[in-house]
Every structure is written in structure tokens, then in C-alpha cells.
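Notes follow once the structure below has been shown.
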Amino acid sequence: MASDMKSFWYKADRYLASTGVPYSPVVICKTQGTRLYATDNRQILDFTSGQMSSLLGHSHPEIVDAVRKSVNELDHLLSNMITQPVVDLAERLASLLPAPLEKSFFLNTGSETIEAAIKMAKIYTGKFEIVALSASYHGLTQGAGSATYSAGRRNGGPSMPGQLAFPAPYAYRAPFRKADGSYDWETELEFGWALIDRQSVGSLAALVMEPILSTGGILDLPKGYLRRMSEKCKERGMLLILDEAQTGLGRTGQMFAFENDEVVPDILALSKTLGCGLPLASVSTTAEIERGCREAGFLWLTTHLNDPLTAAVGNKVLEVVERDSLCQHAAELGKQLREGLLKLQVKYWCIGDVRGRGLLQGIEIISDPQTKAPGSELGQQVSDRAMDRGLSCNVVNLPGMGGVFRLAPPLTVKPAEIEEGLKILDEAFEYVLNTLPSGEISSKAE
């Protein structure tokens, strides 16, 4: 086995081109439910749902059946050939979306949806400026990457013209505070729009944002924030584009995370969770915006536009989420997960903040409880130890922020598995902190 793995890594290093993402040292050979199975015979509990995508876990039997049936009968066609699975998915999605969202088309990835949504906003409004939050991640293709401020901007040349950054709501570290020390998001929001108005050349087309900034550090929006942003967009004749790649379809305890503020976006982008690990994404909008784009000559064409195979999978995903009451399940188990994380926060001084909704929770690691100095290295050590003990949990390390764990198990996770994951995290924190010099631990804990 050792010689096989040596050959594996030799070939990987020789034939795979680097994309800037370091390889995990763990090689997975099988997935099932909430479990990953490594080549060294270890079982690993998946608390990231793959790339935040395997909403129903891995190899869900109904998804497997949908794939098998579609591959056997209806896989891929010319993009202008509309099929029953595509119409069925559009209809089911419309039945779940609030009015007036009812028109959809289907792509492969989140980046594609943002590219298409931005183009639609520009065509419909006749304007070109796009506002995004300063901790945003919407993809790394040209338009989506230009609206991404958390990563990937260095050494890539100029971004799309008209890109404007808005301060992201970051309650744990925000400089805007009320007299009692609480987060003053209203003042920060007004300040942000004042900055946008000063920067704008008078061509504001859209604001694109996530209801919870995931890659940006699990930054949940204060209650009322999204509604206020929607109002500010309307005042300026802008469209509101919501990117629910990671928050959509029940993960936060609601079918769509934007429902928390009772706001309806002008354009909604879904991806990741819609395909349950397969490449499926959607762009949904109103009949009015669709009509305006069509009359203005909007064109969006890709090789796998409205593919029947992935559409069949998406239809089954929506059916299972609704039929099995997985929104409620996510809310209940999300409460269990959060309560467990809050207990760990009391136990370990290096957990500075716990935040998130439903089965999308984050914990921020610090290196000093007095100054809140980021603890990125410490967080990575805990993550590595957790993996060694059988838990996969991703850590985001961004400038000005501590290492932030993103915990997003599949919606099919069981209460016993939540407890198992919390137990491994507990052991990982204890192990890592006990390996630090005793003087350093005691000084920080005080």
C-alpha cells in the first residue's frame, strides 16, 4: 500500500497542474452518506458536505437512481432542445420560490450563475456598476471574480470596470459600535452607501451578495440588514442579486436564507446544493426582468445549458428536501450543533466567536482573548488534528480575520453524528492547546 501511495503522489505531482489550491494529504476512495473512506482504511465524518454541495450526503440512493435512469435514457442534447426534466425542474423551483420569481434557466457552476446574473442586470438596467461586499466570494471567472473581494484578486490584471466594494457586516470585529458596545450595523450600512454614492459614476446596475458570507468567514447578516439593503437598491434603481450557492435549499433552516428577512431578490443564483454534488446551477428572476432582458437581446449559451441529466437530479433534490422536511431537520440539528459549539467556546479561550444559522455554523479562532488577534495557525492545527481523528472541517484563513471553521454537514446528518463531530472537535482543541508551551497557554487563558 505504501508503494501504491508513493506512485499515486508521484503521478499527481507530475501530471496535475497546480490551481493554487493545496492538496489534502488524505486520499478518499469511497463516499457514503456522511462518511468519507480513505485509502488508509479510515472513516472520516464529512462536516463540509464535500465542497459545501452534497446536501443530501454522498451517494443518496434516490440521487443515484435519478442519475442512472437519466444517463440510460436522456443525458445531453443541443442546448436549444428543451426536455421534460428541465421543464419539471423549472416548475418545481417556481413552486418553492416566492412571487414574483418564476423564470429560471440552468447552468453548471456558481461562477456561471453570477456571470449570467451580472450580464442580465447590466442589460436590463442599461447600467454597468456592480457592488459587492468586501468579504464576498462569488467565483473566480472574470465577472464573478471581479465581484469577489475575499480571495483571488492578486496578479490577475484589471477587474471588470465599475466594480465597487461595500463594507461587509462583521459583528465580531466591526469598528462601528453603539454606546453599549453592541454592533451598530445601521450606521455602518449608511456609511457604506455613502462610499458607494461617492465612487459611482451614476451607473449603478446591481448589488450582488450572499445572505450569509460563507467563504468570507460565515458572516451572518443582522436581522433587518438584507431588507435595508434591498430598500437602498430600489432607491438607486439597482437590482438585488442574491447568491445562495451555499445557503440555499434548507441549509439554514429555511428553504432560502433570504426568507429570514422576508426579502425577495430580483435575481436568485443557486448552485452547489441544487445538484447535490453534481454540476447544476440555476438563475431565477421575475417575468418582467426576463421580458426586459429578452427584448434587449440577452444571450447566454453554454455547452450544458439546460442539460436533462443534471435537471433530473435537481428535481429529485428539491423533492427530497421538501418531502422529508429537511428544512426543519436542519433547524433542529443546527440548534444542537450550535449549542455544542457554544459549550466548546466556554471551554476553550481560543474560540472567539460562534456564528451562523442552521447547519451552516462558523467558529472563529483567535490567539489572544484580549486583543482578538487572529489565530489562523492555531485553527489550522486544530483542523489537522480533527482530520487525523476522523472529522473533515474546513478552515478559512483571510487577512484581518482569525481562522474560521466552516461547519456544514449534510442535511441528512443524524443527532449522533453531530455529537460525534463535536466530540472530535473537543478532543482536537484539547490536544492542540496541550501541545503549546504551558506558559503560553496559561497567559492566554487568563
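The values are calculated or read from the model by the stated rules, or taken from the named source; none is laboratory data. Predicted model only: the values in this text are computed from it and were never measured. As a convention, Cβ positions derive from the backbone with ideal geometry for all residues, glycine included, and neighbour counts pool all protein chains shown. Side chains included, ligands, DNA and RNA excluded: accessible areas come from the protein's heavy atoms. Shrake-Rupley method; radii C 1.70, N 1.55, O 1.52, S 1.80 Å.
The amide H of ASN394, built 1.01 Å from its N in the peptide plane, has ARG406 as neighbours under 5 Å, considering only residues 5 or more places off or on other chains.
For segment 62-324, what is the charge dipole size about the Cα centre, in debye to the nearest 20, if Lys and Arg each add +1 at the Cβ and Asp and Glu each add -1 at the Cβ? Intermediate results must be reported in sequence, preceding the final value.
Numbers: 25 positive and 33 negative charges, 147 e Å.
Dipole of segment 62-324, to the nearest 20 debye: 700 debye.
When only Cα pairs below 8 angstrom with a gap of at least 6 residues are kept, the chain shows a relative contact order of 20 percent. Given a 1.4 Å probe and the protein chains as shown, HIS58 ends up with an accessible area of around 20 Å².
Given that compact globular proteins tend to follow 2.2 N^0.38 Å, what is the ratio of the alpha-carbon Rg of the chain to that value?
Dividing the Cα radius of gyration by 2.2 N^0.38 Å gives 0.99.
Taking 51 Å as R0, compute the FRET efficiency from the Cβ-Cβ separation of GLU319 and GLU186 and round it to 0.05. Efficiency, from the Cβ-Cβ distance: 0.80.
Take the Cα of VAL346, step 7 Å toward its Cβ, do the same at ASN41, and the gap between the two points is 4.1 nm.
Quote the Stokes-Einstein diffusion coefficient, in whole µm² s⁻¹, for segment 62-324, based on the Kirkwood radius over alpha carbon pairs, a temperature of 10 °C and a viscosity of 1.306 mPa s.
Estimated diffusion coefficient is 84 µm²/s.
Modelled label positions at THR435 and ARG177, each set 7 Å beyond Cα in the direction of Cβ, lie 3.5 nm from each other. The simple Förster model, with R0 at 41 Å and r as the Cβ-Cβ distance, assigns LYS11 and ASN80 a FRET efficiency of 0.50. The HN-Hα couplings worked out from phi for segment 407-415 by the Karplus form 6.51 cos²θ - 1.76 cosθ + 1.60 (θ = phi - 60°) are 10, 9, x, x, 5, 8, 4, 9, x Hz, whole numbers, x standing for Gly and Pro.
Exceeding 29 Å between C-alpha atoms, which entries from my cross-link table qualify? They are LYS30/LYS69; LYS223/LYS335; LYS232/LYS372; LYS223/LYS272. Don't skip to the answer; put the middle values down first.
Working: LYS30/LYS69 22 Å; LYS223/LYS335 18 Å; LYS232/LYS372 32 Å; LYS223/LYS272 25 Å.
Check vs 29 Å cut-off fails for LYS232/LYS372.
Based on C-alpha pairs under 8 angstrom that are at least 6 apart in sequence, segment 249-342 has a relative contact order of 40 percent.
Taking label positions 7 Å along the Cα-Cβ direction at both SER200 and CYS29, the computed distance is 5.8 nm, reported to one decimal. Amide H contacts of ASP307: none lie under 5 Å away among residues 5 or more positions distant or on a separate chain (H built 1.01 Å from N in the peptide plane; Pro and chain starts excluded).
Computed from backbone phi, the HN-Hα couplings of segment 75-85 come to 9, 8, 9, 4, 5, 8, 8, 8, 10, 4, x Hz, rounded to whole numbers (Karplus: 6.51 cos²θ - 1.76 cosθ + 1.60, θ = phi - 60°; Gly and Pro given as x). Backbone geometry of segment 214-228 corresponds, through the Karplus equation with coefficients 6.51, -1.76 and 1.60 at θ = phi - 60°, to 3J(HN,Hα) couplings of 7, 4, x, x, 6, 8, 7, 7, x, 4, x, 5, 5, 4, 5 Hz, x marking Gly and Pro. A cut-off under 13 angstrom between Cβ atoms defines the neighbours of SER392, and their net charge, with Lys, Arg +1 and Asp, Glu -1, is 0. Here segment 15-154 is treated as an ellipsoid with the same Cα gyration tensor; its semi-axes, largest first and in whole Å, are 31, 26, 15.
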